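Single-structure report; data block below.
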Amino acid sequence: MEVPFAAPVRALFLTLVRPLLRPGGAFADAPPPLGRALLRMLAVWVPLALANAALTVWRALQAYGELRRSGPPDWLERLPGADPEVLWEVFRTLPAPPAFGRIWPWLLLVVPIGVLGTWFHHAVWDHTGLWLLGGLKERRGFRTSLGAEAEALRMAALGTLIGLLGFLPVLGVVLAVPLLLLDGYLWLFRGFALAARHGCELWRGVGATVVHAVLLGACGLGLVAMMLVLLGTAP
């Protein structure tokens with residue numbers, strides 16, 4: 001007797017789970033055309049990203065509404081120079097949160113654009129990291145990186161599915177550290193696709209994602225430092 005949903009579960013395992021468990025052979029086959037790789041990535045990632053965004057917005061609206069009703073938290077009132085009466089007045093005058101029904105249609109537009117932007121962002125920065133590490137000796141170009149990122153992100157989208165467990169009240173706290181580690185692994189996972197599609201050593205592909213993270217962190221710290229300097233010089 002065939003178990004219900006056995007075929008879809010098996011297909012999901014073969015196409016998404018097994019490559020993540022065996023990243024060394026995940027990209028051994030010939031690469032698909034860029035258009036096909038992109039469409040397959042969108043078909044898997046966009047629905048999961050929509051679910052994640054909807055839950056995030058819903059939780060944020062609930063938290064904002066609760067904060068508006070309960071007033072400023074104790075730690076805010078204990079800050080040096082804080083006036084509890086002024087804080088309470090500020091919280092009482094906060095506008096009511098919009099209804100979720102007015103926001104979710106915008107997610108249908110914003111989320112796919114965000115997914116495409118994330119894909120292109122990773123391709124640009126990872127390609128730059130691979131160039132800095134000398135991984136472009138085959139001269140296969142930026143289009144190769146775009147395809148590799150699409151393949152890797154389609155498989156890494158499974159992390160978004162697992163990440164939905166973080167919205168559960170108790171399980172979310174328990175899984176906080178494992179989910180963080182999973183995010184780190186999925187970040188490095190793109191390096192396996194880069195190495196395979198560009199024909200370079202694995203350490204260069206994985207290293208490109210590390211260079212990406214370092215450069216991104218340096219830019220973020222530089223922006224914060226610049227803002228602090230500007231605030232310090234403001235009259």
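The values are calculated or read from the model by the stated rules, or taken from the named source; none is laboratory data. Not measured: the values here are computed from a predicted model. Cβ coordinates were reconstructed from backbone atoms using ideal geometry, including for glycine residues, and neighbour counts include every protein chain displayed. Note: accessible area is taken over every heavy atom of the protein model, side chains too, but ligands, DNA and RNA are not part of it. Shrake-Rupley method; radii C 1.70, N 1.55, O 1.52, S 1.80 Å.
On C-alpha positions alone, give me the angle between the axis of helix 202-233 and the longest principal axis of the chain, in degrees, nearest 10. Long axis of 202-233 versus the principal axis of the chain: about 20 degrees. For the stretch 145-235, the square roots of the Cα gyration tensor eigenvalues, ordered a ≥ b ≥ c, give a/c of at least 1.5 with a/b no greater than b/c, which places it in the oblate category.
For the chain, the relative contact order comes to 26 percent (Cα pairs under 8 Å, sequence separation of at least 6). For the pair residue 88 and residue 108 in one chain, pulling the backbone fully straight at 0.36 nm per residue adds 3.6 nm over the alpha carbon distance.
Which order do peptides 154-166, 27-39 fall in by mean Cβ count within 10 Å, highest first? Intermediate values should be presented prior to the final figure.
Numbers: 154-166: 18.7, 27-39: 13.3.
In descending order of packing, they fall as 154-166, 27-39.
A simple packing score, the average count of other Cβ atoms within 10 Å per residue, orders the peptides 64-76, 47-59 as 47-59, 64-76, with the highest score first.
So which trypsin sites (Lys or Arg not before Pro) in the stretch 119-152 are both in a DSSP loop and have at most 12 other Cβ atoms within 10 Å of their Cβ?
Working: sites: 137, 139, 140, 143; in loops: 137, 139, 140.
Hits after loop and neighbour filter: 137, 139.
Farthest towards the positive end of the charge dipole of the stretch 26-150, among the residues 107, 31, 131, is the Cα of 31, using unit charges on the Cβ of Lys, Arg, Asp and Glu. Rounded to the nearest 500, what is the 222 nm mean residue ellipticity of the chain from helices alone, with -39500 (n - 2.57) per DSSP H run of 4+ residues and division by all residues? Theoretical 222 nm ellipticity from helices: -24500 deg cm²/dmol.
Quick check: the distance between the Cα centres of the stretch 26-98 and the stretch 129-167, to the nearest angstrom? If you average the Cα positions of each part, the centres end up 25 Å apart. Label zone of residue 139 (point 7 Å out along Cα→Cβ, amide N under 19 Å): in the stretch 192-220 this covers 197-201.
As a fraction of the 1.4 Å probe accessible area of the stretch 37-100, surface on carbon and sulfur atoms comes out at 67 percent.
Per-atom-type breakdown for the stretch 112-170 gives carbon and sulfur 68% of the accessible area (1.4 Å probe, protein chains only).
In a reduced charge model with +1 at each Lys and Arg Cβ and -1 at each Asp and Glu Cβ, the chain shows a dipole moment near 820 debye about its Cα centre.
Each principal axis of the Cα cloud of the stretch 44-84 was evaluated for its coordinate range; sorted largest first, these ranges are 50, 19, 10 Å.
Computing Rg and the Kirkwood Rh from the Cα coordinates of the chain gives a ratio, Rg/Rh, of 1.06. Hydrodynamic radius of the stretch 84-196 by the Kirkwood approach over all distinct alpha-carbon pairs: 17.4 Å.
Based on Cα coordinates alone, diagonalise the gyration tensor for the stretch 17-150, multiply each eigenvalue by 5, take square roots, and list the semi-axes in whole Å, largest first. Write out the running numbers ahead of the final one.
Working: eigenvalues 408, 79, 36 Å².
Output for the stretch 17-150: semi-axes of 45, 20, 13 Å.
May I ask you to order 210-222, 188-200 by the average number of other C-beta atoms within 10 Å around their residues, highest value first?
On the way: 210-222: 13.1, 188-200: 22.6.
Ranking the peptides 210-222, 188-200 by packing returns 188-200, 210-222.
Rolling a 1.4 Å probe over the protein heavy atoms gives the chain an accessible area of 62 Å² per residue.
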